[in-house]
Amino acid sequence: MYIVLLGPPGAGKGTQAQIIAREFGLTHVSSGDLFRENLKNQTELGKLAQGYMNRGELVPDDVTIAMVKERISRSDCANGALLDGFPRTPAQADALAGMLAELGGKVHCVPYISVPAEVLIERLGGRWTCPQCGRVYHEKYNPPRTAGVCDDDGATLIQRDDDKAETVERRIRVYMEQTMPLIEYYRRQGLLVEVDGTKSIEEVSRDILAAIRKG
Ligand code: AP5
């Protein structure tokens, strides 16, 4: 079962991905996390992606597609995966269909988490992430038990470099121009299920899980 989580920056894709992946026993593949891991390890790919990420732009399709293809071809994705942040352009969506066909699979369902821009800005401004386990918090909506400390492993939480106000605005603009066409792309294929992302984290999870079970 391959699921694509679609939605603007800050919609809650990463938050929901952790819940859905656990529920269905799927591997969580986040293109943003893969780039950040490369950045941390100072690989050539990480160095290339850094400039694009800091500017809030998309990393070029050929580089992104090659990275995700390599990840999806590993054995833990053989029976399915939850894709978060990929695809983000029609070229990436076509490439994904080709990759999955090679694995004998296809996209099962595309939950689209819809959230208006003003809410996104507030969410990203208050986001804190665990650098160790990747768990995502919000200082107001989903705070850790102790401010600045991960509930799961006690690591000191960090804020992402690309969550600065001007970069967030650019990321939202880029999403509207380059990723929104995927809403129609997957709607035409009968795979899109729109979910109201302004509800609480628990309610959004419930709606997404119901959509996947039906899909
Ligand atoms: P990426 O890491 O994918 O970032 P993004 O898509 O911009 O999404 P985010 O991770 O910022 O947000 P999210 O939707 O996961 O929200 P979250 O759950 O954290 O990409 C980063 C960069 O990498 C890109 O800009 C690009 O440069 C590059 N890149 C990545 N993929 C690429 C691709 N395919 N092609 C090219 N380039 C690519 O939630 C946000 C906050 O809200 C949290 O604090 C959370 O606690 C809170 N929250 C979540 N849900 C709720 C709720 N229901 N109510 C209240 N608060 C909530």
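Hey, does segment 135-154 have a residue that's more than 8 Å from the ligand (Cβ to nearest atom), more than 21 Å from Cys109 (Cα to Cα) and in contact with a Pro (Cβ under 6 Å, 6 or more places away or on another chain)? Yes, there is a match, as at least one residue in segment 135-154 is more than 8 Å from the ligand (Cβ to nearest atom), more than 21 Å from Cys109 (Cα to Cα) and in contact with a Pro (Cβ under 6 Å, 6 or more places away or on another chain). Looking across segment 171-215, the residues that are basic (Lys, Arg) and surrounded by fewer than 16 Cβ atoms within 10 Å (Cβ to Cβ) come down to Arg173, Arg187, Arg188, Lys199, Arg206, Arg213, Lys214. Within segment 19-31, is there a residue that is touching a Lys or Arg at 6+ places or on another chain (Cβ under 9 Å), within 15 Å of the ligand (Cβ to nearest atom) and among the polar types (S, T, N, Q)? Yes: segment 19-31 contains one or more residues that are touching a Lys or Arg at 6+ places or on another chain (Cβ under 9 Å), within 15 Å of the ligand (Cβ to nearest atom) and among the polar types (S, T, N, Q).
Tallying residues that are within 14 Å of the ligand (Cβ to nearest atom), part of a helix (DSSP H, G or I) and of a type in the set (Ser, Thr, Tyr) within segment 186-205 yields 1. Regarding Ile113, is this residue touching a Gly at 6+ places or on another chain (Cβ under 6 Å) and either of a type in the set (Asp, Glu) or buried (at least 20 other Cβ atoms within 10 Å of the Cβ) (or both)? Yes; evaluated as a whole, the condition is true for this residue.
Of the numbered criteria (1) closer than 27 Å to Pro60 by Cβ; (2) without any contact (Cβ under 8 Å) to a residue 40 or more places away in the chain; (3) not β-branched (Val, Ile, Thr), the one Arg170 fails is (2). For segment 44-59, the count of residues that are closer than 16 Å to Ile208 by Cα, more than 11 Å from the ligand (Cβ to nearest atom) and either modelled with pLDDT under 95 or not hydroxyl-bearing (Ser, Thr, Tyr) (or both) is zero. With respect to the conditions (1) part of a helix (DSSP H, G or I); (2) within 9 Å of the ligand (Cβ to nearest atom); (3) in contact with a helix residue (DSSP H, G or I) (Cβ under 7 Å, 6 or more places away or on another chain), Ile208 lacks only one, and its number is (2). Would you tally the residues in segment 1-23 being open to solvent by 30 Å² or more (accessible area, probe 1.4 Å) and in contact with a helix residue (DSSP H, G or I) (Cβ under 7 Å, 6 or more places away or on another chain)? Residues in segment 1-23 being open to solvent by 30 Å² or more (accessible area, probe 1.4 Å) and in contact with a helix residue (DSSP H, G or I) (Cβ under 7 Å, 6 or more places away or on another chain): 4 in total.
The residues listed here are Gly85, Gly126; of these, the one that is near the ligand (Cβ under 10 Å from one of its atoms) and under 17 Å from the mean Cα position of the chain (by Cα) is Gly85.
The residues of segment 28-76 that are buried (at least 18 other Cβ atoms within 10 Å of the Cβ) and among the polar types (S, T, N, Q), listed by number, are Ser30, Ser31, Asn38, Thr64. Taken as a whole, segment 150-168 holds at least one residue that is more than 19 Å from the chain's Cα centre (by Cα), open to solvent by 70 Å² or more (accessible area, probe 1.4 Å) and closer than 20 Å to Gln50 by Cα.
The values are calculated or read from the model by the stated rules, or taken from the named source; none is laboratory data. Not measured: the values here are computed from a predicted model. Here Cβ is always computed from backbone atoms with ideal geometry, including for glycine, and neighbour counts include all displayed protein chains. Heavy atoms of the whole protein, side chains included, go into the accessibility calculation; ligands, DNA and RNA do not. Shrake-Rupley method; radii C 1.70, N 1.55, O 1.52, S 1.80 Å.
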